[in-house]
Amino acid sequence: MAFNTGLSGLRAASVDLDVTGNNIANASTVGFKGSRVQFGDLYANGFLSSGTNPVGDGVRVQDIQQSFGQGNISFTDNGLDMAINGDGFFILSNNGEVRYSRAGQFNIDKDGFVVNNQNMKVQGYTADDDGNLSGVRGDIQIATGNLAPRRTTNLQTDVNLDSRQSVLEKRVRDIGPLGVGTIAGETFAFQYADGTPDYSVTIPAASSAAEAAAAIDNAPGVSASATTTALLPTTLNNAYISGASPFSFSLSIGGAPLALDTSGVNSLQDLADAINNSSETTISASVVDEGSGPQLRVIQSRGENLDYSFNDGSGATTGTVQGDVNVTTDRTITGVAATSGGTDFADAFTASPIRITNAFNPIDQRTYNHATSTTIYDSLGNSHELTQFYVKEPSPGNGVGQSQWSIYLQIDGELVAGTDQQPYTALFDQDGQLQSINGDPNGEIVVTDWVPKDDSGAPNGADGPPADPTSVVSPIPEPPTSSAFVVDLGNTTQYGAAFGVNDQQQNGYTTGRLSGLDVSDQGVVFARYTNGQSKSLGQVALASFNNTDGLSPAGDTTWVETFESGQPIIGKPDTGTLGSIKASSVEESNVDLSAELVNLIIAQRNYQANAKTIETSDAVTQTIINLR
């Protein structure tokens, strides 16, 4: 009996030594989980009873149980190394066999699959070509090819336009020239958009152009001038002058005779020189030919009436020439209301053109208030520079509660979106918030006329404008089929602060090569490319079990499912009871080396003690045998 008891103790102590030695041997094995031996005593039992004084029959090993406690996490220099912080196991495919492991030392095989050191493929949720994760599980594969370029279809610009900026563009209305005879005797009133009271002007019936201009010039924001141009009759010619006996010529300015010396005049040019040599600085003369032969033209710069007379002794030719009135204004005048005496001036105002001074010019920074540039991409991945120009305009209406800006768009030095013909108009309310751009409350500009070009200015082969620009909608549907894109200015503001670009993002990029990999806490594997883009390639899946102790070790720091463990519960990291992923890290063995060394001593003592039991039993047996 004692022999069997000691022998069972030796066997149990030997198993304890084996387990402890295995723990010690794997103290540096990544993802290893230590084990401990569980013992049970033995008794010899009968069919009905174990007797009144049962004696133990030794010990047996009931179970070798692994401890799945968390091991320490240490950092590595491998981006694909992963550690699970919490519950769960990596799912590995070993040529179809499913294994589970806590060892996250992964790398990439020749086919781009993420594998462990035994070439078991890591399982996870796959992603499509655009990096969208699906719910389908499979082998995680790293695509090592170039990332295809993506054309720009949306540009979001968040800027603040400085409301303190002045209006750079001047819009001048030119009225005239108007003959004083057509507007003399009229009364009319200028009507202003900025709240200035109407200003009434009366031009007396007998006014000269100079007098009419002086009356109009008194109106607020209006500038008037007058000029008298007299083209004398063709009867006054070289033959007439040289054949006259005697020749005389007189000229009066506003009724005042001009002192002229005509004693040496023998031609039209001599007469023009005599007028130019007079003491009057407001008058000039020249000889012109407008198709009817040489004529004397006399200009008086103040708009006074010119009276002329010439004769050859046989009769006098006389005439009076009235001046013309020219009116300009850079104020916003909504109209001219004629009140009496005719409508000639009011009609001339309606028909008068608007001339823009200091007009927008992208190469002259004095013609715009703000500008900002960003890079966009065509369908081939070529980069182009888009510049947005902002020009402050006079406030619409009476200027209260609303502000207006013009927006121009330029790509590689060429104006697009039709802004070479007409800029977009942005309206802001009294709080500096964008109301609309060309009536669109969303503040979007759809560019449908861009032709991507190379450095020489020729089309570069990328997709061009759509065949039907009116069919383009926002947002641009995927996949895009033209160069059309949307400029979203919906967050633009106009505050009394310096111009600033708060945010500017576009969704295009050029082609890129794989430059590195990153793993998130949720186990998403991201590929980094040389063009600054990143794309998710998949997400590591984790598995948990209702009875982790029921897993069966399969070697290589892996376990397999058993009936006792139950079926795996599979999900994404950091969801439910599953732990999170720590990238560039591994989970160390959870073996406490100090405790194992102590256990090793205890197991050795147990072995020695059980051997002593056998030795003692042998001595007793020998004593009995030696009895005679």
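The values are calculated or read from the model by the stated rules, or taken from the named source; none is laboratory data. All values reported here derive from a predicted model rather than from experimental measurement. Virtual Cβ from ideal backbone geometry, glycine too; neighbours counted across all protein chains shown.
Brief remarks follow.
- Conditions (1) among the basic types (Lys, Arg); (2) modelled with pLDDT under 90; (3) in a strand (DSSP E or B); number of the one not met by Arg331: (3)
- Output for the range 278-292, where each listed residue is in a loop (DSSP other than H, G, I, E, B), of a type outside the set (S, T, N, Q) and within 15 Å of Leu251 (Cβ to Cβ): Glu280
- So Leu600, is it over 30 Å from Tyr100 (Cβ atoms), of a type outside the set (Lys, Arg) and surrounded by fewer than 19 Cβ atoms within 10 Å (Cβ to Cβ): no
- Considering residues of the range 50-92 that are at pLDDT below 90 and among the hydrophobic types (A, V, I, L, M, F, W, C) only, the residue farthest from the chain's Cα centre (by Cα): Val55
- Restricting attention to the range 230-241, the residues being farther than 12 Å from Thr317 by Cα, exposed (fewer than 14 other Cβ atoms within 10 Å of the Cβ) and touching a residue at least 12 places away in the same chain (Cβ under 8 Å) number 0.
- Only residues that are surrounded by 15 or more Cβ atoms within 10 Å (Cβ to Cβ) and within 16 Å of Gln388 (Cα to Cα) were counted across the range 420-447, and they come to 10.
- Test: residue in the range 522-532 that is surrounded by fewer than 20 Cβ atoms within 10 Å (Cβ to Cβ) and more than 30 Å from Asp378 (Cβ to Cβ): yes
- Of the strands (runs of 3 or more DSSP E) lying entirely inside the range 523-620, those containing at least 2 residues that are within 29 Å of Gly88 (Cα to Cα), in contact with a Leu (Cβ under 6 Å, 6 or more places away or on another chain) and among the hydrophobic types (A, V, I, L, M, F, W, C) span 524-529.
- The range 96-114, subset of a type in the set (A, V, I, L, M, F, W, C) and crowded, with 23+ Cβ neighbours inside 10 Å, residue farthest from the chain's Cα centre (by Cα): Ala103
- Complete set of residues in the range 376-410 that are farther than 27 Å from Arg366 by Cβ and either over 21 Å from the mean Cα position of the chain (by Cα) or in a loop (DSSP other than H, G, I, E, B) (or both): Asp378, Ser379, Leu380, Gly381, Asn382, Gly397, Asn398, Val400, Gly401
- Among the residues of the range 482-505, just one is touching an Asp or Glu at 6+ places or on another chain (Cβ under 7 Å), among the polar types (S, T, N, Q) and exposed (fewer than 14 other Cβ atoms within 10 Å of the Cβ), namely Asn502.
- Residues (more than 16 Å from Leu155 (Cβ to Cβ) and of a type in the set (Ser, Thr, Tyr)) located in the range 463-509: Thr470, Ser471, Thr481, Thr493, Tyr495
- The single residue among Val159, Val167, Val172, Val201 that is under 55 Å from the mean Cα position of the chain (by Cα), under 30 Å from Ala426 (Cα atoms) and surrounded by 16 or more Cβ atoms within 10 Å (Cβ to Cβ) turns out to be Val159.
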